[in-house]
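Everything on this sheet refers to the single structure shown next.
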Amino acid sequence: MPKSDLPPHMRPERSFQGLILALQRYWADQGCVILQPYDMEVGAGTFHPATTLRALGPKPWHAAYVQPSRRPKDGRYGENPNRLQHYYQFQVILKPSPENLQQLYLDSLAAIGIDTALHDVRFVEDDWESPTLGAWGLGWECWCDGMEVSQFTYFQQVAGFECAPVSGELTYGLERLAMYVQGVENVYDLNFNGREGAERVSYGDVFLQAEQEYSRHNFEHADTTMLFEQFRMAEGACKTYLDAGWRRDPKDAKASRHLMALPAYDQCIKASHVFNLLDARGVISVTERQSYILRVRELAKACGEAWLATAAGGAG
Amino acid sequence: MPDLLFELFSEEIPARMQARAAEDLKKLVTDKLVDAGLVYDGATAFATPRRLALAVQGIPARQPDLREEKKGPRVGAPDKAIEGFLKGAGLTDIAQATVQKDPKKGDFYVALVEKAGRPAIDVLAEILPLVVRTFPWPKSMRWGSGRLTWVRPLHSIVATFGPETEDPDIVPFAVDHVAAGDVSRGHRFLAPATFRVKHYDDYVQKLLDAKVVLDPARRRDIVLHEARQLAFAQGFELVEDQGLLDEVAGLVEWPVVLMGSFDPAFLKIPGEVIRSTIRANQKCFVVRDPKTGTLAPKFVLVSNTEAVDGGNAIVAGNERVIRARLSDAKFFYETDLKTKLEDRLKKFDQIVFHEKLGTQAERIVRIGRLAAELAPLVGANVDSVKRAALLAKADLLTEVVGEFPELQGLMGKYYALAQGEDASVAAACEEHYKPQGPADRVPTDPVSIAVALADKLDTLVGFWAIDEKPTGSKDPYALRRAALGVIRIVLENGLRLRLADIAEFAGAHAPARHVTIVPKLISEVSEADIQSGKIGTTIDHTPARLADLLAFFADRLKVQLREQGARHDLVDAVLALKGEGQDDLLQIVRRVEALAKFLETEDGKNLLAGVKRATNILRIEEKRDGTRYTGAVDAGLFREAEEWQLSHAIEKAQGEAEAAVAREDFAGAMSAIATLRPHVDAYFEKVTVNADDKAVRANRLRLLDGIRAATLAVADFSRIEG
């Protein structure tokens, strides 16, 4: 649908939600399943099992979704115009990565009103690595007039396993993109609902209080004793579920199956987020930090292995 | 002769890899052509963000035919041998071989193997896919469902081959699903259509028509020229930056240079911070006022497209981003100013400098101690030196340096000045890192000198103690640079330092003393420490380690002096001396200089010849007799006046030379040695060394040794060439 057909309040350059809806519509037209956010706290859209786990194994997969992402350390008490401890990513995952993925991406920018006849869109080297997920890929950060608006990655490895076929992952930083197309300098000034006057709801109306409250929580009050305990519990539970889920075939490893990869992976996500909170509270030393990251990675790897022994992971 | 045009069209190649990739492409293809007997006239390779291209001119249409004679078995050899020979030579019947006569060993078979040269295009069809499959990208990847690897997905290949005057052929090959053809593409946005190409000239022209400048050097020229023009037109000048220029030329196929502005209020931030912000994050250039040299509130950006509005939206977008970035930088800078440098030091307790060398905090203490020790030797105020050493590393913990590590030191200076430190203390915060390389400035302020020397010597002594010395091309801790830095600081400031003493002092206070995870002196390491894992590796500061470090300095000094044009043999001749002062870099250099001057004089040249003659005779005779002729001569055994005279001359010259050396009057020492010359000449003229009388002969040989010994006061002449 050409954007001129949209009512004003739905246009991506006027409304935050309009931007999200335009992206969803565009990627739905490309054959993606449009998922809803994962119902757990994650640091990035990549953690959603629809990306991490679905990137593993031989089965084709095309999905797009918004993922609220939490980076406790990035909180600024609502005082920084660009940094948030909670923000939205729009995530697209296409497996196998299509030949025309770059063009599909550029067309998605056109769908939200970024016209390459007017703007300078560039693909600038940026290799992606997630130590906690044991994942890496090559790609770019995508620049529009000097601003990074997306990450574009060809996954090479996830959870320590080689990706074959390779998934193409696109991650749009929605607030930043919206600030660009709406032409505002401060994230809290974004028009959320595209209405004007008394009906107008800004990003600040929705999230400013939350940013202030969570910054206090993340940096000052988060209960570290509880969090340390939660980390241990999540780690323990992940391992327990993994052990319980295996149906190993002693004669043929390929015939082994796993029955609880997803619940186990939830605990891995949980451990990762708890670690991020502890890190924001400044209670993890430099040397310990590395060991926590390694512990989460071990969980991620074990979950990846389990996933590959499930139906969606390509087993049987 | 035919030409090859080869293009590999892909998604965006990282800018930093492009130049190397073009070189690799050229080398890989042309090496393989030469190996295949195809000697070409010339080759050029290019890279843009989306393509690698290679043009090879003048490739022969065919490989030369090869004729080779293969020697076979004797006539009448067993069937097995004959069969093997036929198989190896590609013959079906022994009648096809000729028989060569050999009356001595017997007649044998010879096969004439003729290998017809293949058409070059067939050879290329083998070479080119191999090059693609084995290309040495620093990092490469897979995509889609394929197994092929390339730096980013590879989309198409052009490979045409033919003489300039004719329509070329397509080299028939495919790499997985990508088949070679003659179709290329223009600029991603400005001319996305495909087009067919024939030869290199036509390819370059069609690309240009399709808004792609193939040659990176040309793109750099365009950017530089237009950027200078834009700045000039506004009364400014471009702050040139070769690294950035190379990078932006690798980010665009069609450079369009534009200028933007930022709020002059940001100019309150140090210029270097603005430049780093704009350069690192936005890959834009800054401009300055040519009169004052200060930055102007402008920047130059290089876009990859000709926008329909003339670039207004692009400039506006970049200005927005730069505004946000500079706001961050300003925030960082102002936040940093709120904390005093000394208040940051506590955090260094948590920061490990090197797992075997302890924390940064410990290192700062060591540097301070050593710098204070050095202060009187370099004429610096001890309190200033201690203060500078304490603060010098503190900026590592500031927000700005966290964001831009290349500004370390410089920010320390700004923050030190802002908190009212003495100018020399502030300067030392920056200058103690200097010199960073052979082209960098050497600190001259005594406070900076003391801290700079302490910083580098602590590093060297520490890494020597844990045996992490540079090897071959590996020098991860830049220890060669540190040693060279010490050498340059000492020499260029004319400092008199005994490195051995200083290194020993540093060694005695080295990381060792601190317990926790840090190793201790080997004698202090207990079994419990090792068991508890506190000690990774034992270290020692034995004299051998120290001697090894001093030898490393001597080695670096040699390299440095050679680069300055000194004769390496003269450096060796001085370094070979034993005794005091061999760890005093300045003294070594002065000796070398005096020696070089002396050897330019007639006396010097002749004396050198005389000493060499004496040394040669001694070497031969000592070897023959299996003994050494050293020690005092016996005046009672002199038979000729020249022996007397030389003996006296040696005694006098040696005494005077040694006295002069003690005064560090090296020219005087040379003059004293020079007085030997007529006596040495006369001795060789009149005296037969190998006299019949054994005692006389031994005495004469000892006199020769006396010459050698006397000259050792200034240099080991045997090391001097010529």
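Couple of notes before you dig in:
- Meets criteria (more than 18 Å from B:Pro49 (Cβ to Cβ), in contact with a helix residue (DSSP H, G or I) (Cβ under 6 Å, 6 or more places away or on another chain), more than 14 Å from every other protein chain (Cβ to nearest Cβ) and charged (D, E, K, R)) for B:Glu226: no
- Whenever a residue of the stretch B:134-145 is more than 7 Å from chain A (Cβ to nearest Cβ) and touching a residue at least 12 places away in the same chain (Cβ under 8 Å), its partners that are among the charged types (D, E, K, R) and buried (at least 16 other Cβ atoms within 10 Å of the Cβ), lying with C-beta atoms within less than 6 angstrom and at least six residues away or across chains, give the pairs B:Pro136/B:Asp24.
- Of all residues making up the stretch B:365-413, the number that are over 24 Å from B:Thr335 (Cβ atoms), in contact with a His (Cβ under 8 Å, 6 or more places away or on another chain) and not in a helix (DSSP H, G or I): 0
- Residues of the stretch A:152-191 classified as more than 12 Å from chain B (Cβ to nearest Cβ), part of a loop (DSSP other than H, G, I, E, B) and buried (at least 24 other Cβ atoms within 10 Å of the Cβ), total: 1
- Residue ID - surrounded by the most Cβ atoms within 10 Å (Cβ to Cβ), chosen from residues in the stretch A:139-151 that are more than 9 Å from chain B (Cβ to nearest Cβ) and within 25 Å of A:Asn276 (Cα to Cα): A:Ser150
- Single unsatisfied condition, B:Cys284 versus (1) surrounded by fewer than 20 Cβ atoms within 10 Å (Cβ to Cβ); (2) within 8 Å of chain A (Cβ to nearest Cβ): (1)
- For the stretch B:154-176, the candidate set comprises residues that are in a loop (DSSP other than H, G, I, E, B) and over 18 Å from B:Thr134 (Cβ atoms); within that set, the residue that is nearest to the other protein chains (Cβ to nearest Cβ) is B:Pro172.
- Qualifying residue in the stretch A:3-18 (condition: among the hydrophobic types (A, V, I, L, M, F, W, C), surrounded by fewer than 20 Cβ atoms within 10 Å (Cβ to Cβ), touching a strand residue (DSSP E or B) at 6+ places or on another chain (Cβ under 8 Å) and in contact (Cβ under 8 Å) with a residue 24 or more places away in the chain): no
- The stretch B:3-47, residues that are within 14 Å of chain A (Cβ to nearest Cβ) and touching a Ser or Thr at 6+ places or on another chain (Cβ under 7 Å): B:Phe9
- Here B:Gly310 fulfils each of the conditions (1) exposed (fewer than 15 other Cβ atoms within 10 Å of the Cβ); (2) more than 11 Å from chain A (Cβ to nearest Cβ); (3) not in a helix (DSSP H, G or I) apart from (2).
- Residues in the stretch B:38-94 that are buried (at least 19 other Cβ atoms within 10 Å of the Cβ) and part of a strand (DSSP E or B): B:Ala43, B:Ala45, B:Phe46, B:Ala47, B:Thr48, B:Arg51, B:Leu52, B:Ala53, B:Leu54, B:Ala55, B:Val56, B:Gly72.
- Residue identified as of a type in the set (Lys, Arg), in the same structural domain as B:Glu272 (by TED's automatic domain parsing) and either at pLDDT below 90 or crowded, with 17+ Cβ neighbours inside 10 Å (or both) among B:Lys386, B:Lys393, B:Lys330, B:Lys413: B:Lys330
- Residues of the stretch A:187-197 include none that is of a type in the set (D, E, K, R) and under 23 Å from A:Ser272 (Cα atoms).
- Meets criteria (β-branched (Val, Ile, Thr), modelled with pLDDT of 85 or more, touching a Ser or Thr at 6+ places or on another chain (Cβ under 9 Å) and outside the structural domain of B:Val34 (by TED's automatic domain parsing)) for B:Val110: yes
- Scanning the stretch B:189-235 for residues that are β-branched (Val, Ile, Thr) and closer than 27 Å to A:Leu109 by Cα returns B:Thr194, B:Val212, B:Val213.
- Residue list for the stretch A:73-117, restricted to those being in a loop (DSSP other than H, G, I, E, B), within 21 Å of the chain's Cα centre (by Cα) and in contact (Cβ under 8 Å) with a residue 24 or more places away in the chain: A:Gly75, A:Arg76, A:Asn82, A:Leu84, A:Gln85, A:Pro96, A:Ser97, A:Pro98, A:Ile112
- Qualifying residue in the stretch A:192-202 (condition: in a strand (DSSP E or B), within 13 Å of chain B (Cβ to nearest Cβ) and either free of Cβ contacts under 8 Å to residues at least 40 places away in the same chain or under 21 Å from A:Leu84 (Cα atoms) (or both)): no
- The stretch A:118-138, subset touching a strand residue (DSSP E or B) at 6+ places or on another chain (Cβ under 6 Å), under 24 Å from A:Cys303 (Cβ atoms) and not in a loop (DSSP other than H, G, I, E, B), residue farthest from the other protein chains (Cβ to nearest Cβ): A:Ala135
- For the stretch A:92-115, the count of residues that are within 9 Å of chain B (Cβ to nearest Cβ) and among the small types (Gly, Ala, Ser) is nonzero.
- Among residues of the stretch B:225-272, those that are farther than 27 Å from B:Ala329 by Cα, part of a helix (DSSP H, G or I) and within 36 Å of the chain's Cα centre (by Cα), counted: 3
- In the stretch B:336-356, the residue that is nearest to the other protein chains (Cβ to nearest Cβ) out of those that are of a type in the set (Asp, Glu) and over 20 Å from B:Ala465 (Cα atoms) is B:Asp349.
Yes/no matrix, rows are residues, columns are (1) closer than 19 Å to A:Ala44 by Cβ; (2) over 26 Å from the mean Cα position of the chain (by Cα); (3) among the aliphatic types (A, V, I, L, M):
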{"position": "A:Ala222", "(1), (2), (3)": "no, no, yes"}
{"position": "A:Thr225", "(1), (2), (3)": "no, yes, no"}
{"position": "A:Lys239", "(1), (2), (3)": "no, no, no"}
{"position": "A:Lys254", "(1), (2), (3)": "no, yes, no"}
{"position": "A:Leu262", "(1), (2), (3)": "yes, no, yes"}
{"position": "A:Leu277", "(1), (2), (3)": "yes, no, yes"}
{"position": "A:Val283", "(1), (2), (3)": "no, no, yes"}
{"position": "A:Ser291", "(1), (2), (3)": "no, no, no"}
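- Applying the condition of being crowded, with 23+ Cβ neighbours inside 10 Å and in contact with a Phe, Trp or Tyr (Cβ under 6 Å, 6 or more places away or on another chain) to the stretch B:287-303 and asking which residue is nearest to the other protein chains (Cβ to nearest Cβ) yields B:Val300.
The values are calculated or read from the model by the stated rules, or taken from the named source; none is laboratory data. Computed from a prediction, not measured in an experiment: that's the story for all the values here. Counting neighbours? That spans all protein chains shown, and the Cβs are built from the backbone with ideal geometry, glycine included.
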